Each structure stands twice: as C-alpha cells, then as structure tokens.
Amino acid sequence: MNDIVLRAVTKTYPRKGKEPVRAVDNLDLTIPEGGIFGLLGPNGAGKTTIIKMICGLILPDSGEVRIGDIDVNRQRRQAMGRIGVVLEGTRNIYWRLSPWENLMYFARLKGIPGRQVAGRAERLLSELDLWDRRKEKVRTFSRGMQQKVAIACALIGDPDIILLDEPTLGLDVQASRIVQEWVFRLGREQGKTVILTTHQLPVAQQLCTRIAIIREGRVIANEPTAKLLKRFEDDYYKIRLQGPLPEALAARLGPFTAHYEDGQTILTGHLHDGLELYPLLEKYRAAGLPLISVSRNEEDLEDIFIRLVETHP
Amino acid sequence: MTALLLPIYNEVRKGLLLIWDYKFSMLLQIVTFGMVFLGITFMMGNGEFIPARVASAMIGYMIWFLATLAINDMSWNLQQEAQTGTLEQMFMTVAPTGAIVLGRVLARFIFSIVTVGSTSLLVVVLVKPPLIFPAGALVPLLLTLLGLFGFGYLVAGATLVFKQVGSLASIMVNMLLFLNGSLLPVERMPEGLATFARLLPTTEGIIVLRRMMIDGASVSQVWSDGGLEPLIIHSLVLVGVGLAAFGWCERLARRKGTLGQY
C-alpha cells in the first residue's frame with residue numbers, strides 16, 4: 001500500500017506575545033493511493049501546513065507522516081523522490097531561466113541527470129503547448145504559462161504523488177481549464193495520487209475523487225466526493241409560502257431557517273425523513289399561509305462546505 | 001558519489017546561467033571592483049601606485065572579494081529566493097541540502113575568480129607589483145576557500161532561521177575589509193585587535209598567501225615553520241562549525257515552519 005497517512009499529527013506555531021496558533025490538531029488522515037484528493041477548508045484551516053508536512057518542509061510537533069512504508073521525516077530523500085510539488089504562489093520556478101533549463105534543473109534536483117529526462121521534458125512541453133517557447137525566459141510568459149511550466153517541473157521526475165496547493169489561483173478561465181484537465185489526467189487516467197487544495201469549490205467538486213474538509217486543523221469530513229454530495233442531497237428542503245410568517249410560527253421553526261423575500265417566506269432546512277414535511281405544512285396551512293412550492297435541494301459542494309464549516313461542533 | 005556531484009553540478013550550472021542573464025550588471029561589477037581597488041591603492045600611495053603596497057593590498061583585497069560573495073550570496077540571495085518562492089524547492093530534493101549550498105557558493109566562486117583574475121591581470125600589467133605566482137600558493141588559496149565555504153554555510157543557516165541577516169552580513173563584509181589584513185597587515189595592528197583579526201575568516205589565508213606570493217616562501221617552508229597550521233585549523237573548524245550550524249538551522253527552520261518565509 002502506498003497510502004499517505006498522517007497519524008496523530010499536531011503542529012503549533014508560536015507567536016511573539018500572543019497565544020500560539022495550533023495549525024494542525026491531532027490530525028488523523030489517510031489519503032488513498034491513486035485519484036484526486038481534495039483538501040478543503042477556510043483560510044487558516046491548516047491545509048498548507050498539511051501539504052508542507054507531507055513534502056517534509058514542515059516538521060510536525062508530534063505524530064508521523066508516512067508514504068507507504070516511508071517515514072517522510074526520517075527518510076526524507078526517499079520520500080522526495082516520489083513527490084512533485086507546486087506550492088501556492090506564482091514563483092515555484094526560476095523566471096530568469098527558460099522552461100527547458102527549469103525542467104533540466106528540477107530533474108537533477110530529483111537526482112535524475114538531464115539527458116535521461118530529455119524525452120520526457122520534450123513530451124511535457126509539447127503537451128502543455130510550450131515546446132515552441134522552450135528557450136524563452138519564463139519571466140516573459142503569462143501567469144497561466146508560468147503555472148504550466150511549474151506543473152511540468154513538478155512532473156519531470158515522474159512522481160507518483162503530486163501536491164498542488166491552489167494550482168488555479170489567479171489563472172484566467174482558459175489557463176485554469178488546462179490545469180484542471182491536467183489534474184484530471186494525472187489523477188483519474190494515470191492513477192497518480194494528486195492532493196489538491198483549492199478555494200474554488202466547483203473545481204474540487206468536478207475533479208476530486210475524495211474530499212476532506214479541514215477546520216481549525218481537524219478533519220470535519222472525509223469521504224468520496226459522490227458520497228459526500230449524496231449525504232446532503234436528500235434531506236435538504238426548501239419551502240416557499242405566500243406572505244410573512246406569523247410570530248408564533250417564526251419562533252418555532254425547528255430545523256428550518258426562514259427569510260422573507262419579495263412577499264414570500266422561504267424556509268430552508270434539513271429533515272431526516274421527508275414524511276416530517278406533512279405536519280409542518282399542516283401548521284402553515286392552519287396559519288393561512290398559501291403554499292407556493294416545496295422542493296428538495298441538491299446541494300453543491302459549496303453549500304456543503306459552508307454548512308460543515310459553520311455548523312460542525 | 002553521483003548523489004553528491006549531480007546536485008553540485010546542477011547548482012553550478014544554474015548559478016552560471018543566472019549570472020549570464022545578468023551579464024551586464026556582472027560586467028559593471030567587475031569594472032567597479034577593479035576601479036575601487038586601483039583607487040584605494042592610489043590613495044594608499046599618496047597619489048601614486050607603489051608596487052610593493054599594491055602587491056600586499058592586492059592579495060588581501062582579492063581574498064576579501066571572494067569572502068564578500070560567499071557571505072552575500074548566502075544571505076541576500078537565499079532571502080531573495082525565499083521571497084520569490086524558489087527556496088523551498090531546494091529542500092524538496094533527493095540530494096543533501098549541504099551539497100546544494102556548496103554548488104551555489106561554487107557558482108559564485110567561479111564568477112568571482114573570473115572577476116579577481118581579470119582585475120589582477122589588469123593590475124599586474126598596469127602597476128607591475130612585485131608578486132610571484134607559485135603553484136604552491138594554490139594550497140593556502142584552497143584552504144582559504146574551504147574556510148569561506150564553511151562560513152558560507154554558517155551564514156546560510158542563519159539566514160534560514162533569522163531571515164533578515166542581510167544587514168548583519170554587510171557589517172561582516174565591511175568589518176572583514178578592515179580587519180582581515182586586506183588593507184592593513186595584521187602584524188601592524190595593535191595586539192588585541194590582531195588576535196581578534198586572526199579569528200576572522202580569510203585572515204590566516206591572507207597572511208600565508210602574502211608570505212608565498214610576496215616573500216617567496218614555499219609550501220614546505222610555511223609548513224615546516226608552522227605558518228600553515230593556523231590556516232588549516234581555522235579552515236577545518238569553520239567547515240565543521242558551518243556544516244553543523246547549517247544542519248541545525250535547517251532542522252530548526254523546518255520545525256518552526258519558516259523555510260519559505262522572509
């Protein structure tokens with residue numbers, strides 16, 4: 001097994017004159033081999049710390065990080081041979097070098113002589129539509145092209161694990177789509193393990209085979225994407241009523257929240273059983289509120305994310 | 001062996017490519033370096049070039065320049081790489097990071113040796129200082145460079161942990177110019193200051209190089225009269241301390257999570 005396993009990992013950052021920040025809190029997380037694993041969470045949730053612990057840039061205070069049999073912090077070089085990383089930000093590569101020079105440099109950093117990867121470099125640059133500009137300095141490229149070079153550099157050593165921290169951040173629609181296509185190919189078609197952090201939840205929903213949501217350094221959800229979406233799709237209802245809700249009813253909404261909009265009261269909430277709707281509707285009928293519609297919502301990842309992050313204890 | 005040589009070669013190659021990309025500013029640096037040296041020696045000679053003084057100052061100044069690059073490269077450049085985001089890549093490699101740092105300093109040394117060499121040639125042609133260039137002088141030169149590598153590791157480690165060490169490095173570089181015997185030989189310094197000066201990197205190297213390149217002493221002579229021992233000890237201690245400090249600082253930076261911060 002080549003799963004990535006974080007076991008009882010804690011990381012705290014001291015701050016001068018302030019309480020230390022616990023970025024990762026006794027975290028247990030298993031990232032299965034193969035597929036695209038989405039690591040989602042609000043800012044400061046600990047995603048980047050987790051990514052950097054997997055690639056050995058940050059040592060945990062306690063706990064262990066393993067890739068299969070390899071302890072990342074004790075056998076760092078072995079681990080690094082298997083990992084390709086694109087960290088958040090625009091400059092994972094040397095802007096004053098050409099794409100070709102960058103690729104050769106990063107191949108050698110992974111212990112592979114340039115001549116051994118020339119063919120692979122040519123293929124990567126061609127597939128990423130950069131071959132004709134392989135000799136130009138990266139600083140003259142657009143943000144999207146620079147990101148493509150960064151991805152090519154992360155892939156030059158043919159790693160089986162690829163860590164992508166916000167890879168589509170700041171990209172235009174076209175460049176973002178190309179990056180997404182590559183992520184899809186790597187994780188879904190080539191069977192590599194891709195770990196992806198992003199704030200663009202539709203991107204995560206579309207790409208990820210499995211998603212973990214992190215809040216305050218803890219995992220609050222970790223499921224296959226389809227299962228996560230399904231778990232929330234069948235118990236979320238929206239009821240539209242004509243007119244404002246009487247105070248007596250407004251005070252006893254139960255699992256629902258209400259807001260008034262364009263002369264309508266819109267109630268949204270979760271029920272474990274759809275049969276629970278009937279007594280509710282009966283109450284509204286008795287209050288003289290005409291029913292406009294009842295619908296079961298199919299939530300997208302963004303709704304689920306917000307619900308989980310805001311309501312998880 | 002390849003595990004060590006490949007990253008060193010990689011860094012040297014990348015370093016030279018980056019230097020080539022800044023070729024115009026590097027050329028200006030060479031010109032400035034030569035002009036400053038000629039200006040200093042002109043002033044030291046009260047308006048004329050005194051070949052004997054130029055010879056003495058030349059050895060010190062050239063070694064000081066090598067030290068400057070080693071120190072600056074390990075402070076400003078690492079800081080700059082942290083800012084631009086490429087520094088963390090250096091720590092995600094299968095190679096020992098010590099070998100990467102070595103390659104980086106080596107690339108700078110290659111450039112600085114070109115600078116020092118071309119300036120020296122110009123000075124020799126123009127001023128004709130009474131200098132000899134015995135092959136044996138390579139021994140103290142390499143030992144001095146070894147010590148500088150050690151000091152480079154020390155500065156690199158400090159940069160990883162304390163980040164803003166650039167200003168401190170500037171102070172160090174300027175202090176070296178006045179205290180390592182570049183301009184004023186250590187023998188002419190007050191006793192306390194001379195003792196302190198001998199603790200600094202490059203000082204012992206300059207003393208031995210002057211003996212060989214000006215006084216004409218051979219390697220066996222400086223070895224037999226004990227002149228080489230302080231340099232050997234100094235360089236080995238610097239390398240040992242530098243490597244140990246770098247390893248410790250790297251681990252501390254990983255623990256603090258500050259490798260990529262600036």
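This table checks each residue for (1) out of contact with any Lys or Arg (no Cβ under 7 Å at 6 or more places or on another chain); (2) surrounded by 20 or more Cβ atoms within 10 Å (Cβ to Cβ); (3) without any contact (Cβ under 8 Å) to a residue 40 or more places away in the chain.
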site	(1), (2), (3)
B:Pro134	yes, no, no
B:Leu148	yes, yes, no
B:Gly152	yes, yes, no
B:Val155	yes, yes, no
B:Thr159	yes, yes, no
B:Phe162	yes, no, yes
B:Ile171	yes, no, yes
B:Ser182	yes, yes, no
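For the stretch A:23-41, name all the residues that are of a type in the set (A, V, I, L, M) and more than 14 Å from chain B (Cβ to nearest Cβ). Full working, then the answer.
Going through the stretch A:23-41, the residues of a type in the set (A, V, I, L, M) turn out to be A:23-24, A:27, A:29, A:31, A:36, A:39-40.
Once the filter is applied, which keeps residues that are of a type in the set (A, V, I, L, M) and more than 14 Å from chain B (Cβ to nearest Cβ), the stretch A:23-41 yields A:Leu27, A:Leu29, A:Ile31, A:Ile36, A:Leu39, A:Leu40.
Quick grid of which residues meet (1) within 20 Å of B:Gly98 (Cα to Cα); (2) among the acidic types (Asp, Glu); (3) in a helix (DSSP H, G or I):
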position: B:Leu183; (1), (2), (3): no, no, no
position: B:Gly216; (1), (2), (3): no, no, no
position: B:Ser235; (1), (2), (3): yes, no, yes
position: B:Leu238; (1), (2), (3): yes, no, yes
position: B:Leu252; (1), (2), (3): yes, no, yes
position: B:Gly260; (1), (2), (3): yes, no, no
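How about the stretch B:1-105: which helices (runs of 4 or more DSSP H) wholly inside it have at least 1 residues that are under 30 Å from A:Leu57 (Cβ atoms) and touching a residue at least 60 places away in the same chain (Cβ under 8 Å)?
Where helices (runs of 4 or more DSSP H) fall fully within the stretch B:1-105 and carry at least 1 residues being under 30 Å from A:Leu57 (Cβ atoms) and touching a residue at least 60 places away in the same chain (Cβ under 8 Å), they are B:2-21, B:51-72, B:78-84, B:87-90.
Restricted to the stretch A:115-148, and to residues that are of a type outside the set (Lys, Arg) and farther than 23 Å from A:Leu186 by Cα, which residue is farthest from the other protein chains (Cβ to nearest Cβ)? Show your work before the answer.
Pass one, the stretch A:115-148, residues of a type outside the set (Lys, Arg): A:116-119, A:121-122, A:124-132, A:136, A:138, A:140-142, A:144-147.
Next, from what is left, pick out any that are farther than 23 Å from A:Leu186 by Cα: A:132, A:136, A:138, A:140-142.
On the way: A:Asp132: 21, A:Glu136: 12, A:Val138: 11, A:Thr140: 12, A:Phe141: 15, A:Ser142: 17 Å.
Looking at the filtered set, the residue picked out is A:Asp132.
Restricting the search to the stretch A:42-85, which residues are within 11 Å of A:Ile161 (Cβ to Cβ), within 8 Å of chain B (Cβ to nearest Cβ) and in a loop (DSSP other than H, G, I, E, B)?
Hits for the stretch A:42-85 are A:Cys55, A:Gly81.
Being farther than 23 Å from A:Asn102 by Cα and either in contact with a helix residue (DSSP H, G or I) (Cβ under 8 Å, 6 or more places away or on another chain) or in contact (Cβ under 8 Å) with a residue 40 or more places away in the chain (or both) is the requirement here; does A:Ala204 meet it? Full working, then the answer.
On the way: farther than 23 Å from A:Asn102 by Cα: yes; either in contact with a helix residue (DSSP H, G or I) (Cβ under 8 Å, 6 or more places away or on another chain) or in contact (Cβ under 8 Å) with a residue 40 or more places away in the chain (or both): yes.
Against the criterion (farther than 23 Å from A:Asn102 by Cα and either in contact with a helix residue (DSSP H, G or I) (Cβ under 8 Å, 6 or more places away or on another chain) or in contact (Cβ under 8 Å) with a residue 40 or more places away in the chain (or both)), A:Ala204 qualifies.
Name the residue, out of B:Ala57, B:Ala67, that is at pLDDT 85 or above, away from chain A (no Cβ under 14 Å) and closer than 30 Å to B:Arg254 by Cβ. Even if it seems obvious, please write down each step before you answer.
Working: B:Ala57 fails: closer than 30 Å to B:Arg254 by Cβ.
Going through B:Ala57, B:Ala67 in turn, just one is at pLDDT 85 or above, away from chain A (no Cβ under 14 Å) and closer than 30 Å to B:Arg254 by Cβ: B:Ala67.
Which of (1) in a loop (DSSP other than H, G, I, E, B); (2) of a type in the set (Asp, Glu); (3) at pLDDT below 90 does B:Glu187 not meet, given it meets every other one?
Of everything listed in (1) in a loop (DSSP other than H, G, I, E, B); (2) of a type in the set (Asp, Glu); (3) at pLDDT below 90, B:Glu187 misses just condition (1).
For the subset of the stretch A:101-114 comprising residues that are crowded, with 21+ Cβ neighbours inside 10 Å and among the hydrophobic types (A, V, I, L, M, F, W, C), which member is farthest from the other protein chains (Cβ to nearest Cβ)? Give the steps one after another, and end with the answer.
Step one: list which residues in the stretch A:101-114 are crowded, with 21+ Cβ neighbours inside 10 Å, which gives A:101-110.
Remaining after also requiring among the hydrophobic types (A, V, I, L, M, F, W, C): A:103-104, A:106-107, A:109.
On the way: A:Leu103: 12, A:Met104: 8, A:Phe106: 7, A:Ala107: 9, A:Leu109: 4 Å.
It comes out as A:Leu103.
Please report, ordered by residue number, the helices (runs of 4 or more DSSP H) entirely within the stretch A:180-266 with at least 2 residues that are buried (at least 18 other Cβ atoms within 10 Å of the Cβ). Spell out how you get there, then give the answer.
Details: elements: A:201-207, A:225-233, A:247-250.
Those helices (runs of 4 or more DSSP H) span A:201-207, A:225-233.
The values are calculated or read from the model by the stated rules, or taken from the named source; none is laboratory data. Just so you know, these numbers come straight off a predicted model, no measurement behind them. No Cβ is skipped: glycine too gets one built from the backbone with ideal geometry, and neighbour counts run over all protein chains shown.
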